[in-house]
Amino acid sequence: MTAKYPNKEHVTYATFLSSNRREKVDGVEIGTQFTKVVVNHPLQENEELVRPMKHCKTIGDVHSEGTSIAWPSICIQKING
């Protein structure tokens, strides 16, 4: 995933959960420009979320909570392996 939308700096490794526009994160539909992911390994824990949530403001917050987030689809790089 990348930082400072639409910058291309890597900030975390995450697992794809859904791109269904009706899927909700923190009670809000992700829409067509976002993807639902869960953070597995943060590279920059202080990176602010593009769409802040009630109890989480940074990548580190969501990782420690184990919750899913909405992240801009354009900022996700698929890694095979």
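The values are calculated or read from the model by the stated rules, or taken from the named source; none is laboratory data. None of the values given here were measured: they were computed from a predicted structure. Backbone-built Cβ (ideal geometry, glycine too); neighbour counts: all protein chains shown.
See the values below:
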read-out	value
Count of segment 49-81 residues which are in contact (Cβ under 8 Å) with a residue 40 or more places away in the chain and in a strand (DSSP E or B)	5
Residues of segment 35-63 classified as modelled with pLDDT of 95 or more and in contact with a Lys or Arg (Cβ under 9 Å, 6 or more places away or on another chain), total	1
Residue within segment 6-19 that is modelled with pLDDT of 90 or more, out of contact with any Lys or Arg (no Cβ under 6 Å at 6 or more places or on another chain) and either basic (Lys, Arg) or part of a loop (DSSP other than H, G, I, E, B) (or both) present	yes
